[in-house]
Amino acid sequence: MFETIMSRALRRIFAGGAAAGATLLALPALAQEDQNQPMARVEITGSSIKRLAAETSLPITTIRAGDFVKQGLTTAEEVLATIPMNQTSQSSSQTVGAGTGGQSVANLRGLGGDKTLVLLNGRRLANHPFFADTVDLNIIPVSALDRVEVLRDGASAIYGTDAIGGVINFITKRSVKGLGLTVEAYEPVRSGGGNEQRVNLTGGWGDLNTDGYNGFVVLDAHQQTRLKSTERWFSATGIRPEHGSAQYSRTPFPANFTTIPPIPGTPLINGNPYFTRGCQAPFSLPDPATSTCIFDSTQFVDDIPETKQYSLLGRFSKKFGEHLGAIEYLHTRSINNARVAPPPMSRLGIVMYPTSPYYPGGSAGVPAVPGVFGVPLDISWRTIEGGQRETEDSNMSDRLVASMEGSFRGWDYNTGLSHSMGRAKSQFTGGFLVDERIISGVGSGVLNPFGPQSPAGAAYLAESRLIGEFLHARINSTALDFRASRDLMTLPGGALGVAFGGEFRHDKATYRVNRALASQANSSGFSDAQDQQGQRNIAAVFGEVNAPIIKDLEVNVAARYDRYTDVGGRFDPKVALRYQPTRQVLMRASYNKGFRAPTLYDLYGPQTVTFTSDQYNDPRLCPNGVPGPGANSNIVCDQQQYIRQGGNPNVKPEKSRTYSAGVVFEPTRALTVTLDYWNIKLKDQINALAEQTIFGNFAKYQGLFNYSANGQTLNFVESITTNLGEVKTRGLDLGLLWRLPKNPWGNFTLNVDGTYVNKYDYQNERGGPFTMNAGRYADASPVFRWRHNALLSWSIPDWTLNLSNRYLSHYVDQNQVDPGFEQTVKHYSIWSLSGSYTGNKRVDFTAGIRNLLDQEPPYTNQGTTFQQGYDPRYTDPLGMTIFMRATYKFF
């Protein structure tokens, strides 16, 4: 069986790879600048003073492009998933749904993507327009990268806002010579979708050292097909009685109903005409407790949506004596086509009258329901025949940078003028229906909510579809920056280095809602959203001093002052120490203060009303799961409720304090061991109060529940952005690099990076109790106690073999399940194997297997994401995947 599946996958790879070569545009190993040049002083991420990379006192993780290519990592999100301190890399899979943007996000230290600063070549990118709180990793040109540097420390004193959890600096090639074409293909061994293709064309001319100039262009295209939830058994259903878990909706097909009695106070009857006939298995199932049907919406969700990503990077550099000028342009576009269950047509006031031919027991043959006759019915209907709700989220980003760097009168300087623009839009492409037409169609007897439509009903339903763009956002950022550094004087331990600089930035964000379209579909979440916009100016100055006090002791002091026109000013200092008493031992420590200003979206983002992630009983209308008098149990009990979210102009900046201490052991040149302790405290956290907290304490938060005038309908729960309480987290980063001496059998290298989180506690409000999150699912996500990534490499001339392992520890599950079924989610360990051949001057070839043992994601009863049965934020549903990559260099 294995050979049959494997051979089929191989055939599809070769066929798909050949086809992709004609239509798509990954990373060729082309000639770059001479690697035999003397080691230069460079600017390291986290400092503005140029120095040798080995001299840094900061804990930095560097990933070379060749390493993540050999591991079969195709996107920036996948690359960062190998960084243990990155608690989650949210990908497009978790942002399915209307108006989500399909973005991918990094999350260093588990503090949130908005507290992770993402740079490209040391400069900021425009944040994703829809949320404006973080860079969309989909716009990073992976195929043009030289390396990724991850600063595992706060850096607001150098970079300003967002750098609380750390800094990720994606660094592209500085020059390229020659022309090369690369084709990649990734094929899951299991049947279904999820396969990927990438084609990349890279060309460069000129040599900076001999010609004094270099120009290059990188064109890249990457696509991945959708993987349906039903194509993996572990995600095929949200109803798992063997685990005591049932994620379902009471808005099914055929529709449930509740009688509308002519006399107020008359007992209501809930029912479904097809309850006694088994509903409409497998997606609708009978619920004996209520004599209604429940709907398994998980069957209609994509585990992985269809995605396409395109990028163009062009750079021209020219030397002017000791100065280097460069112009760089980046254009990227990512498209995410997401599908979820057909729209739940409930809470809309859909009324069926006894005159309808589809009334239970009526002329159209819908089965009668005992006790139901002659009264109107309130309908809760899932429009299966209208199809899945489909949205297309696209994000386009452009950045133009003109920079100059070099030396002037003993100063190393770097200055640049940049303009970044992000444009994102969401559009209905299928499944969304005009609410008023559905209400009218059922009321007039044209539509049948209990069974197949008549030709007239089918035509009416088709004419009720909503197609078009309903949300458009744009964010612009223009920045001028300057920094300079030099050795000022000689101290007993060496040269005293100083640096200073400044930055001016103008940001503007605009959010436009197509009211004519969005208002017609309550299920979009944007039915009452309004246009919003905001802008600000930011000015900053900073300075840094690196003082080698004595031969083995170095002190680094930095400070920065930022001034925002809308939220005021902030001063942030940082102190770092580096002590190396012997060649074998290096000790380092740092202390810094940081902050994050609220984003324009935090302040001005449109407020939307959409469904909660989890299911809840309405605490007033269905206390303890028992519907109150006159309450419609199809709506108020064990269902997703409405929640209002969005910006708040009263939000203030959040502040942080971070300190760390570490040691590096190198007992021999072949072995390096690092151990770094970190401790972060965050105050006035900017976030929305977790829905789980609101529904978990109605007595405390009842002021956030907005009910209709008669008190019989929950309009929404208020959960807009605000300042919450504190976050306290601490842990250890561990690293091991073992380089065996050269021998006749080749070179062996073992690299292990791991992060242990000892504590992660947070408050949902100022002065409130702390919630423990480390090693357990709290509110909306877990924090893993231990994560590591290990890579064993064996190389001989022309050949390299890599065996890698990614490991996530177990944690206590969300456990909103039946008593006796509480559980712990098992650990997740993935092995991958790859090999590369570089013996041909024209051709490089890499092939391998991701998830070598075909490990399935561990079961979790979490209900926060659309996908069920596993957690797509941390695990991969594809299973064993074969990949191949070939580069041909024309010259």
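At a glance:
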item: Debye log10 I(q)/I(0) for the chain, one point scatterer per Cα, at q = 0.07, 0.08 Å⁻¹; result: -0.59, -0.76
item: Paramagnetic reach from Leu491 in the stretch 521-546 [backbone N under 11 Å; point 7 Å along Cα→Cβ]; result: 545-546
item: Per-selection metrics, the stretch 767-837 (Cα): Rg and Dmax in Å; result: 18.8, 62
item: Surface per residue (accessible, 1.4 Å probe) for the stretch 491-629, Å²; result: 42 Å²
item: Computed E for Ala516/Val843 - FRET, C-beta separation, R0 45 angstrom, nearest 0.05; result: 0.20
item: Linear extension gain, Ala780 paired with Ser795, 0.36 nm per residue minus alpha-carbon span; result: 1.1 nm
item: Diffusion constant of the stretch 208-270 at 37 °C, which comes from Stokes-Einstein with the Kirkwood Cα-pair radius and 0.692 mPa s, µm²/s; result: 173 µm²/s
item: Cα-based Rg / Dmax (Å) for the stretch 818-859; result: 19.1, 64
item: For the chain, share of DSSP beta bridges that run antiparallel, in % to the nearest 5; result: 95 percent
item: Cα gyration tensor shape of the stretch 771-891, rounded if a/c is under 1.5, else prolate or oblate by comparing a/b with b/c; result: prolate
item: 20 °C / 1.002 mPa s Stokes-Einstein diffusion coefficient of the stretch 603-657, Kirkwood radius on C-alpha pairs, µm²/s; result: 159 µm²/s
item: Two-decimal ratio, the stretch 643-738, of alpha-carbon radius of gyration to 2.2 N^0.38 Å; result: 1.79
item: Positive-end residue, the chain charge dipole about Cα centroid, Cβ charges, pick of Gly244, Asn336, Phe595; result: Phe595
item: Alpha-carbon Rg/Rh ratio, for the stretch 355-438, with Rh computed the Kirkwood way; result: 1.55
item: Ellipsoid semi-axes in whole angstrom, largest first, where each is sqrt(5λ) of the Cα gyration tensor of the stretch 371-416; result: 69, 13, 7
item: Residues Leu750 and Asp528, FRET efficiency given R0 of 41 Å [Cβ-Cβ distance, rounded to 0.05]; result: 0.10
item: The stretch 620-689 - Rg over Rh from alpha carbon coordinates, Kirkwood radius; result: 1.40
item: Electrostatic dipole magnitude of the stretch 568-638 [Cβ: Lys, Arg +1; Asp, Glu -1; Cα centre; debye, to 20]; result: 900 debye
item: Hz values of 3J(HN,Hα) by residue in the stretch 206-222 - Karplus curve (6.51, -1.76, 1.60), Gly and Pro given as x; result: x, 10, 4, 6, 9, 8, x, 8, 7, x, 8, 9, 10, 10, 9, 9, 9
item: 5 angstrom amide H check on Gln823, placed H, neighbours 5+ away; result: Asp813
item: Over the stretch 127-206: Kirkwood hydrodynamic radius from C-alpha pairwise inverse distances, Å; result: 16.1 Å
item: Directionally averaged shadow of the stretch 390-512, computed from the convex hull of its alpha-carbon atoms, nm²; result: 13.7 nm²
item: Flagged links, alpha-carbon separation over 27 Å, of Lys574/Lys683; Lys70/Lys425; Lys173/Lys228; result: Lys70/Lys425; Lys173/Lys228
item: Additional length obtainable on full extension of the chain from Ala670 to Ile263, 0.36 nm per residue less Cα span; result: 138.0 nm
item: Separation of alpha-carbon centers, the stretch 779-823 and the stretch 415-467, rounded to whole Å; result: 40 Å
item: Three principal axis lengths of the stretch 558-698 [C-alpha, angstrom, descending]; result: 78, 42, 22
item: Cα centroid separation - the stretch 187-265 against the stretch 552-590, whole Å; result: 41 Å
item: Label point distance in nm, Phe320-Arg409, each placed 7 Å from Cα along Cα→Cβ; result: 1.7 nm
item: Qualifying trypsin sites (Lys or Arg not before Pro) for the stretch 692-745 [loop in DSSP, other Cβ within 10 Å: at most 14]; result: Lys742
item: Cβ-defined net charge surrounding Ala690, 12 Å radius [Lys, Arg +1; Asp, Glu -1]; result: -4
item: Label point distance in nm, Ala402-Lys508, each placed 7 Å from Cα along Cα→Cβ; result: 1.9 nm
item: ³J(HN,Hα) computed for each position of the stretch 586-602 - Karplus, 6.51 cos²θ - 1.76 cosθ + 1.60, integer Hz, glycine/proline x; result: 10, 10, 9, 7, 8, 9, 8, 10, x, 7, 9, 6, x, 6, 4, 6, 4
item: Radius, Kirkwood style, for the stretch 472-532 when every pair of distinct Cα atoms is counted (Å); result: 16.2 Å
item: Principal axis box of the stretch 673-784, alpha-carbon based, largest edge first, Å; result: 84, 28, 20
item: Nitroxide proxy distance, nm - points 7 Å out along Cα→Cβ at Ser191 and Leu732; result: 4.9 nm
item: Relative contact order (%) - the stretch 248-337, alpha-carbon pairs under 8 angstrom, separation at least six; result: 23 percent
item: Rh by Kirkwood over Cα pairs, then Stokes-Einstein D for the stretch 514-576 at 0.890 mPa s and 25 °C, µm²/s; result: 151 µm²/s
item: Under Karplus coefficients 6.51, -1.76 and 1.60, residue-wise ³J(HN,Hα) of the stretch 667-679 in Hz, glycine/proline x; result: x, 9, 5, 8, 9, 10, 10, 10, 9, 10, 9, 9, 9
item: Asp876 accessible area, 1.4 Å probe, all protein chains in place, Å² to nearest 10; result: 50 Å²
item: Chain lengthening between Met772 and Ala281 when straightened (0.36 nm per residue, less Cα-Cα); result: 172.7 nm
item: Estimated FRET transfer efficiency when R0 is 60 angstrom, pair Lys308-Lys700 (beta carbons, to 0.05); result: 0.85
item: Cα-based Kirkwood hydrodynamic radius, the stretch 236-357, one decimal, Å; result: 19.4 Å
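The values are calculated or read from the model by the stated rules, or taken from the named source; none is laboratory data. Being a predicted model, the structure only gives us computed values, none of them experimental. Quick reminder, even Gly has a Cβ in these numbers, built from the backbone with ideal geometry, and neighbours come from all protein chains shown. When the accessible area is computed, the model is the full protein with side chains, heavy atoms only, and any ligands, DNA or RNA have been set aside. Shrake-Rupley method; radii C 1.70, N 1.55, O 1.52, S 1.80 Å.
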